[in-house]
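Peer 1: For reference, the structure I am asking about is given below.
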Amino acid sequence: MSKATRCLHQFRFSNFNEKARWALAFKGLYLPRKDYLPGPHGGQIKKLCPESFTPVLEWDGDHIQGSAEVIDHLEKVQPEPPLYPADPVEKEEALRVQAHFDEKVGPEVRRALFLDTMSDAAYMANLFAGGKPWLVRKSYGAMLPLVRPLMRSAMGLSMDKQSAALKATEEGLDLIGEQSRTTGYLVGDRFSVADLSAAALLSITANPDHPDMKRPEPMSKTTRAWMDRWKDHPGTQWIKEMYARHRPA
Ligand SMILES: N[C@@H](CCC(=O)N[C@@H](CS)C(=O)NCC(=O)O)C(=O)O
């Protein structure tokens, strides 16, 4: 089967997409990526899958939608190196931690970030359309004010949700600090899907030194303030450490 039928349909810089990118890289799989622009992506992704969200892994004719589903697929087709612990009790716990971060933390930290920073259309366009031709970047930047209402409704971006989103972000970072205290890892004594999920989903608070997630400089004022908000939290130090030790280039 041709490798050309394998690719990752993704948003650049997004935390759920980062989970899929990290899992692929961890397993030594460097697939082509197809970048979509948040807003206009919906119709295009729905041609491949029932829902509009990314990541979507295209694998020999199948389309696997969702970061946990992508990881589960990769564990079957490329078991080494493993992301699931061998011990069944630890595996169950690691999947529980993944589900916690997927459901309770990932959407909230993304909401908090967007509420703080989405007013900077030019910087947002630079993030999401960075790999596209100049004209596409410019038109996307100009179009963003029109796309914002779509983004607001897709991500539940209203100011009355800001304090809950910030609280959930802080609790996610606190949880990392508490749960990694004994071994440095969230489950057992080695890197697993639990660490990957927590680090990838909260990576947007830590600006890790990796080309897939490091924010382009100069950062917008609001993005700089967002990073400063979290920089002294021990959880962001742990995230950077996970990137340095376990996120291949
Ligand atoms: N539970 C899903 C959530 C994925 C998700 O929220 N993706 C966002 C990007 S971070 C998205 O594509 N949003 C646009 C949409 O829902 O149409 C996962 O784990 O992959």
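The values are calculated or read from the model by the stated rules, or taken from the named source; none is laboratory data. Because the structure is a prediction, the values reported are computed rather than measured. Positions of Cβ are backbone-derived with ideal geometry, glycine not excepted, and every protein chain shown enters the neighbour counts. In case anyone asks, the SASA skips ligands and DNA or RNA and just uses the protein heavy atoms, side chains included. Shrake-Rupley method; radii C 1.70, N 1.55, O 1.52, S 1.80 Å.
Peer 1: Would you say Arg148 is assigned to a helix (DSSP H, G or I), buried (at least 16 other Cβ atoms within 10 Å of the Cβ) and of a type in the set (Lys, Arg)?
Peer 2: Working: assigned to a helix (DSSP H, G or I): yes; buried (at least 16 other Cβ atoms within 10 Å of the Cβ): yes; of a type in the set (Lys, Arg): yes.
Spelling it out, Arg148 is indeed assigned to a helix (DSSP H, G or I), buried (at least 16 other Cβ atoms within 10 Å of the Cβ) and of a type in the set (Lys, Arg).
Peer 1: Among the residues in the range 99-119, are any assigned to a loop (DSSP other than H, G, I, E, B), open to solvent by less than 60 Å² (accessible area, probe 1.4 Å) and not charged (D, E, K, R)?
Peer 2: If we filter the range 99-119 for residues that are assigned to a loop (DSSP other than H, G, I, E, B), which is where we start, we get 118-119.
Still in the running and open to solvent by less than 60 Å² (accessible area, probe 1.4 Å): 118.
Checking the rest, the ones that are also not charged (D, E, K, R) come to 118.
Scanning the range 99-119 turns up at least one residue that is assigned to a loop (DSSP other than H, G, I, E, B), open to solvent by less than 60 Å² (accessible area, probe 1.4 Å) and not charged (D, E, K, R).
Quick grid of which residues meet (1) more than 8 Å from the ligand (Cβ to nearest atom); (2) over 17 Å from the mean Cα position of the chain (by Cα); (3) among the basic types (Lys, Arg):
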| residue | (1), (2), (3) |
| --- | --- |
| Gly43 | yes, yes, no |
| Trp59 | yes, yes, no |
| Ser67 | no, no, no |
| Glu80 | yes, yes, no |
| Tyr84 | yes, yes, no |
| Asp87 | yes, yes, no |
| Lys91 | yes, yes, yes |
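Peer 1: Filter the range 84-98 for residues that are buried (at least 16 other Cβ atoms within 10 Å of the Cβ), of a type outside the set (A, V, I, L, M) and not in a loop (DSSP other than H, G, I, E, B) and give the result. Explain how you work it out, then say what you get.
Peer 2: First pass over the range 84-98, keeping only residues buried (at least 16 other Cβ atoms within 10 Å of the Cβ): 84-85, 90-91, 93-95, 97-98.
Filter once more, keeping what is of a type outside the set (A, V, I, L, M): 84-85, 90-91, 93, 98.
If the condition is that a residue be buried (at least 16 other Cβ atoms within 10 Å of the Cβ), of a type outside the set (A, V, I, L, M) and not in a loop (DSSP other than H, G, I, E, B), then Glu90, Lys91, Glu93, Gln98 are the ones that fit.
Conditions (1) more than 9 Å from the ligand (Cβ to nearest atom); (2) part of a strand (DSSP E or B); (3) in contact (Cβ under 8 Å) with a residue 60 or more places away in the chain; (4) in contact with a helix residue (DSSP H, G or I) (Cβ under 8 Å, 6 or more places away or on another chain), marked per residue:
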site: His9; (1), (2), (3), (4): yes, yes, no, yes
site: Gly28; (1), (2), (3), (4): yes, no, yes, no
site: Pro50; (1), (2), (3), (4): yes, no, no, no
site: Leu74; (1), (2), (3), (4): yes, no, no, yes
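Peer 1: In a loop (DSSP other than H, G, I, E, B) and either more than 13 Å from the ligand (Cβ to nearest atom) or surrounded by 19 or more Cβ atoms within 10 Å (Cβ to Cβ) (or both): does that describe Pro38? Walk me through how you get there before you give the answer.
Peer 2: Working: in a loop (DSSP other than H, G, I, E, B): yes; either more than 13 Å from the ligand (Cβ to nearest atom) or surrounded by 19 or more Cβ atoms within 10 Å (Cβ to Cβ) (or both): yes.
Yes, satisfied.
Peer 1: Looking at the structure I just gave you, is Pro81 of a type outside the set (Asp, Glu), assigned to a loop (DSSP other than H, G, I, E, B) and surrounded by 20 or more Cβ atoms within 10 Å (Cβ to Cβ)?
Peer 2: Details: of a type outside the set (Asp, Glu): yes; assigned to a loop (DSSP other than H, G, I, E, B): yes; surrounded by 20 or more Cβ atoms within 10 Å (Cβ to Cβ): no.
No; evaluated as a whole, the condition is false for this residue.
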